[in-house]
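Here's the structure, in structure tokens; my notes come after.
The values are calculated or read from the model by the stated rules, or taken from the named source; none is laboratory data. All of these numbers come straight from a predicted model, not from anything done at the bench. Ideal geometry is used to build each Cβ from the backbone, glycine not excepted, and the neighbour counts take in all protein chains shown.
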Amino acid sequence: MTAPFAWLRPWEAPEVTSWGRLPMCAVDRRHQAVCLDGEWRFQLLPSPEAAATDEWGSSYVPGAWTLQDTDDPPQYTNVQMPFPEFPPHVPAANPTGVYERAVDVPGEWAGRRIVLQVGAAESVLLVQVDGRPVGISKDSHLAAEFDLTDVVRAGARAVVRLTVVKWSDASHIEDQDQWWHGGITRSVLLYATDPLHLADVTVQARRSGELRVDCQVRGPLPEGWYVTGDLDGQLLAQDTEFDRANAEDERVSEFLGEARLLARVPDVRAWTAETPELYGLTVRLHRPDGTVADTSYHRVGFRDVEIVGRDLLINGERVFIRGVNRHDFHPLTGRTVSYDDMRADLVLLKRFGFNAIRTAHYPNDPALYDLADELGFYVVDEADIESHDHAHEIADDPRYLNAFVDRVSRMVLRDKNHPSVIIWSLGNESDYGANHDAAAGWVRRHDPTRPVQYEGAAKRGWADPEVASDIACPMYAPIEECVAHALSGKQTKPLIQCEYSHAMGNSNGTLADHWAAIEATPGLQGGFIWEFWDHGILQRVSDGRPAGRAGAGLYERGVAGPGHRWAYGGDFGEVPHDGAFIADGVVFPDRTPKPVLYEHREIAAPVRLECLRHEGPVIANHQHFRGLDWLTAEWQLSLADGRTLTAPAELPELRPGETAAVPLPFELPEGGGEAWLTLKVMTARDEPWAPRGTVVCLPQVRLRATPVQRTLPVADRTVEVDADGLLVHPLLIAAPTLSLWRAPTDNDELGGMADRWREWGLDAPVRKLVAVRRAGASVGVLAEYVCDAGVVRHEQVFTAVEGGIRVEESAQLPETLNDVARVGSVFETVAGLNLLEWFGPGPWESYPDRSAGAPVGHHALPVDELFTPYLRPQESGGRHGVRHFTLSAPDATGLAVELGRPSQISVTRYRAADLAAAAHHDELVPRAGCVVHIDAAHRGLGTASCGPDTSPAYLVPTGTHRWGWILRVL
């Protein structure tokens, strides 16, 4: 099968990056190509040395064979390689896919140049046509093109065979934190051009309106041939000085023609992420008679990117980078992503306040950049280089030098004309060595209009001017260290974290604190959250295989069942693997937003609201380039007594950075109690990323803080407790007891807290009744909760009051329990209570260090919708700062709880032990009643699975905790 290539063994030759592959360029031929996507004959061989047989199955292209019912499943590893061999070697068992199909070459292509384009193949591509070797390519995330002019005949049929070797020397520098796949993952195209054609077009468009277009023509430009261009109908001028200088310097090539076109656009509309203005550029290659031999179309955005001092400037403005890391991913098709899916990704990000994408950790599908240009995103374009497991060795290995330069340069050549691309990245987590310096040197020479960044250069210090990074772009640096660096007087570069706030499970704690520090500290400009997706693969529970394309109906309905679940590392029986670490996105695999997205939306809000004591509300425009005319708004006033008032709002005319005081839209009602003013900001018209009326942000201020204190008279009855001192109540099947533990979040597990809590015995403390005391209408119960690390004394006082029971509690934590998950009460209700209504932050899940995105108000949700289904079951569904709530049945009966102070609560169908024991949600069995937690203190979430833990302010201290609540029957 691979006999023509066997002598070379290109899968173990890092010096060989390609053979027979055409140079990369920025001329897009997708619009004029014949698409070869669809079913191909296919067989999976055990190694590249094995011979193909006559027994063919089929495989869909584009797609990964690992998701198409083969015996080679997907495998997830993070840092470790999936095999033990050292670079550049690979295992002998090396799955190799052979794709074959017949292609009818159009007869009208006679005399033309014919090119095959393979959009992406993982990880080594070997091309044969009619049994003749045509070429080799590496780099799993960039297209490879091969000239077939001398191999095929117009009007005839040709047999194309594409052999894809899964493991190679290239795998060692594609060691990204993602699923390993094999296959052809982007489209395969066949197209034709004139023998003399546009080989490349380079566009430079400045915010001044100056436009320069450099054109290369493959082949010497014969007498009379010429290049023209127009920008939305405005003709570009020939740069005769460029032609003269080339002739004088003897730069006229025998095989490459060059031309330069110029224009100056008056009153140019500049491109930014907020105002993604695009112009249409058409470049034409003409024959002497004026007919067009070739055409190249580009969308041009006029903008400048520069670094001045320690600021990254877009069009002269210092912008905040509110970014996210994004893989090409789909839960059914792996790395194969459709245009519609990519658009849905970016539309969702735009709606939640993101303005930047890092293409982690490789060039994304070409369509993504078109969409980023159109919708408005700043892009850090990252090369397909990550040698995580063998980073130190490979960074200076001369055998890999060509691969580094090849991957970086081809990315730049492909994407250089996109205004959205503002920074080139040399790769990720590959240590730092001479190979990076070589790649950076090529970029700086070829494209001096953009800065270069590389995270690994941080090992030499954030301020080192000699390293191959124009930006200090560390990952998961504590915000305190970032602030200290910015205030040190030693900062020389913009500090924009390439990864921060790891979104694994119930996470992203302190995100608002992080951004408060960024916005208050010159020199800090933002960063990129890790990451966009939970990379769960839809899996059939019945046989453990990927659902693949057959699961499309389920995916379109936004569900993972019945009979299906979201798989993570190890679920396909693969060894080694890194478990649920692959589930670390701000959206679930079906693109459902996690609660953190609402947090980010408010942190990134273009409109801010403050309240000055005497002047009333103050509205601020926190955009960089845009006014508020694209927005509309309404006022909402939420009162503690249950009322919500609304009124229209007129947004003032404000330039970026300006503020204005506006009249208070409501007369505050008498009677005291909390009052919260919310400005509901929406799109005023249809935007490319949002229809009219889409909520953009919900800034909120508190107008009155005084809570209504309810003093209920003591009732003429007693409270019943059982022999163990536990409250007896008709709506409770499990009485309130002390809770010190939560089902560990991913951060708890990987940060080491969960192991400590288990060692302390907090997951199963032994309750011992000490005393029961009665005094009038009150019953006092003293109990001890015995843990391996100490004893917690817990006191409850139950008092019968008019309409219910007042519960006053205290818990004394010894010094040995200096960082527990929570301190509070937990009880369980009878079945049938299905609706939670509350006054406090909402409606989304919130926690002490992640509550900025949940405005205070009156909220209601079915109990079954309160729980957040993180891929690995864990603590979720909490609501922070709740003042009071009710749990009711459809007939409005149920219970009500009034809290002595704003408290963390959760209401779900699961005990903490249920969640902790399950690896997937299909293993959970919901309880008929509700499990209710009321916490006096609850530990913050942090991001300790990869990054800083929560801040000390959000830890649960030792000492005495007191809380109280009133339980009433509706």
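Please tell me if R269 is under 38 Å from the mean Cα position of the chain (by Cα), of a type in the set (D, E, K, R) and at pLDDT 95 or above. Yes: the conditions hold for R269.
Kindly provide the set of residues from the range 405-464 that are within 28 Å of D214 (Cα to Cα), among the hydrophobic types (A, V, I, L, M, F, W, C) and part of a helix (DSSP H, G or I), ordered by number. If the condition is that a residue be within 28 Å of D214 (Cα to Cα), among the hydrophobic types (A, V, I, L, M, F, W, C) and part of a helix (DSSP H, G or I), then V405, V408, M411, V412, L413, A438, A439, A440, W442, V443 are the ones that fit.
Every residue, every condition in (1) assigned to a strand (DSSP E or B); (2) outside the structural domain of L511 (by TED's automatic domain parsing); (3) over 29 Å from Y500 (Cα atoms), yes or no:
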residue: V618; (1), (2), (3): yes, yes, yes
residue: H624; (1), (2), (3): no, yes, no
residue: D629; (1), (2), (3): no, yes, yes
residue: L637; (1), (2), (3): yes, yes, yes
residue: D641; (1), (2), (3): no, yes, yes
residue: A647; (1), (2), (3): yes, yes, yes
residue: L654; (1), (2), (3): no, yes, yes
residue: A660; (1), (2), (3): yes, yes, yes
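When residues in the range 591-617 are screened for being closer than 18 Å to A516 by Cβ and at pLDDT below 95, 2 of them pass.
Residues that are closer than 24 Å to T359 by Cβ and among the small types (G, A, S): which strands (runs of 3 or more DSSP E) entirely in the range 493-605 hold 1 or more of them?
Hits in the range 493-605: 495-502, 524-530.
Scanning the range 267-276 for residues being crowded, with 16+ Cβ neighbours inside 10 Å, in contact with a strand residue (DSSP E or B) (Cβ under 8 Å, 6 or more places away or on another chain) and not in a strand (DSSP E or B) gives a total of 3.
Out of curiosity, is W11 of a type outside the set (K, R), over 30 Å from G107 (Cα atoms) and not in a loop (DSSP other than H, G, I, E, B)?
When the stated conditions are applied, W11 passes them.
Residues satisfying the criterion are present in the range 884-902 (criterion: on the phi > 0 side of the Ramachandran plot and not in a helix (DSSP H, G or I)).
Somewhere in the range 577-589, is a residue touching a strand residue (DSSP E or B) at 6+ places or on another chain (Cβ under 6 Å), modelled with pLDDT under 95 and not assigned by TED's automatic domain parsing to the domain that holds A517? Scanning the range 577-589 turns up no residue that is touching a strand residue (DSSP E or B) at 6+ places or on another chain (Cβ under 6 Å), modelled with pLDDT under 95 and not assigned by TED's automatic domain parsing to the domain that holds A517.
I'd like the residue in the range 669-688 that is without any contact (Cβ under 8 Å) to a residue 40 or more places away in the chain and assigned to a loop (DSSP other than H, G, I, E, B) and, out of all such residues, is nearest to A647 (Cα to Cα).
Filtering the range 669-688 down to residues without any contact (Cβ under 8 Å) to a residue 40 or more places away in the chain leaves 669-673, 675, 686.
Those still in the list that are assigned to a loop (DSSP other than H, G, I, E, B) too: 669-673, 686.
Values: P669: 15, E670: 19, G671: 21, G672: 21, G673: 20, D686: 23 Å.
Going through the qualifying residues, I end up with P669.
Candidates R186, R212, R157: the one that is more than 30 Å from P448 (Cα to Cα) and surrounded by fewer than 17 Cβ atoms within 10 Å (Cβ to Cβ) is R157. Go through the residues of the range 220-233 one by one and say whether even a single one is within 29 Å of L126 (Cβ to Cβ) and buried (at least 18 other Cβ atoms within 10 Å of the Cβ). Looking for residues that are within 29 Å of L126 (Cβ to Cβ) and buried (at least 18 other Cβ atoms within 10 Å of the Cβ), one finds none in the range 220-233, hence no.
Within the range 745-758, is even one residue under 28 Å from F798 (Cβ atoms) and in contact with a helix residue (DSSP H, G or I) (Cβ under 7 Å, 6 or more places away or on another chain)? No. Kindly indicate whether any position in the range 321-336 is in contact with an Asp or Glu (Cβ under 6 Å, 6 or more places away or on another chain), among the aromatic types (F, W, Y) and either surrounded by fewer than 20 Cβ atoms within 10 Å (Cβ to Cβ) or over 23 Å from T683 (Cα atoms) (or both). No, the conditions are met nowhere in the range 321-336. Among the criteria (1) in contact (Cβ under 8 Å) with a residue 12 or more places away in the chain; (2) more than 30 Å from W676 (Cβ to Cβ); (3) assigned by TED's automatic domain parsing to the domain that holds A912, the one S739 does not fulfil is (2). Exactly one residue out of D396, D406 is surrounded by fewer than 24 Cβ atoms within 10 Å (Cβ to Cβ), free of Cβ contacts under 8 Å to residues at least 40 places away in the same chain and either of a type outside the set (A, V, I, L, M, F, W, C) or in contact with a Cys (Cβ under 9 Å, 6 or more places away or on another chain) (or both): that is D396. Candidates are the residues of the range 662-679 that are among the small types (G, A, S) and over 18 Å from G616 (Cβ atoms); the one that is surrounded by the most Cβ atoms within 10 Å (Cβ to Cβ) is G673. Within the range 363-378, one or more residues are assigned to a loop (DSSP other than H, G, I, E, B), within 27 Å of P73 (Cβ to Cβ) and in contact with an Asp or Glu (Cβ under 6 Å, 6 or more places away or on another chain). Among the residues making up the range 867-916, those that are in contact (Cβ under 8 Å) with a residue 60 or more places away in the chain, closer than 17 Å to V856 by Cα and among the charged types (D, E, K, R) are R883, E898, R901.
Identify the residue in the range 484-510 that is among the hydrophobic types (A, V, I, L, M, F, W, C) and crowded, with 24+ Cβ neighbours inside 10 Å and, among all such residues, is farthest from Q68 (Cα to Cα). That would be L495. In this structure, D922 does not satisfy being surrounded by 17 or more Cβ atoms within 10 Å (Cβ to Cβ) and not aliphatic (A, V, I, L, M). Restricting Q117, Q80 to residues that are in the same structural domain as E15 (by TED's automatic domain parsing) and either within 30 Å of Y568 (Cβ to Cβ) or within 26 Å of the chain's Cα centre (by Cα) (or both) narrows the list to Q80.
Rundown of residues vs (1) surrounded by fewer than 16 Cβ atoms within 10 Å (Cβ to Cβ); (2) over 30 Å from I805 (Cα atoms); (3) touching a helix residue (DSSP H, G or I) at 6+ places or on another chain (Cβ under 6 Å), yes/no style:
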{"position": "T646", "(1), (2), (3)": "yes, yes, no"}
{"position": "A660", "(1), (2), (3)": "yes, yes, no"}
{"position": "V681", "(1), (2), (3)": "no, yes, no"}
{"position": "E687", "(1), (2), (3)": "no, yes, no"}
{"position": "R702", "(1), (2), (3)": "yes, yes, no"}
{"position": "V714", "(1), (2), (3)": "yes, no, no"}
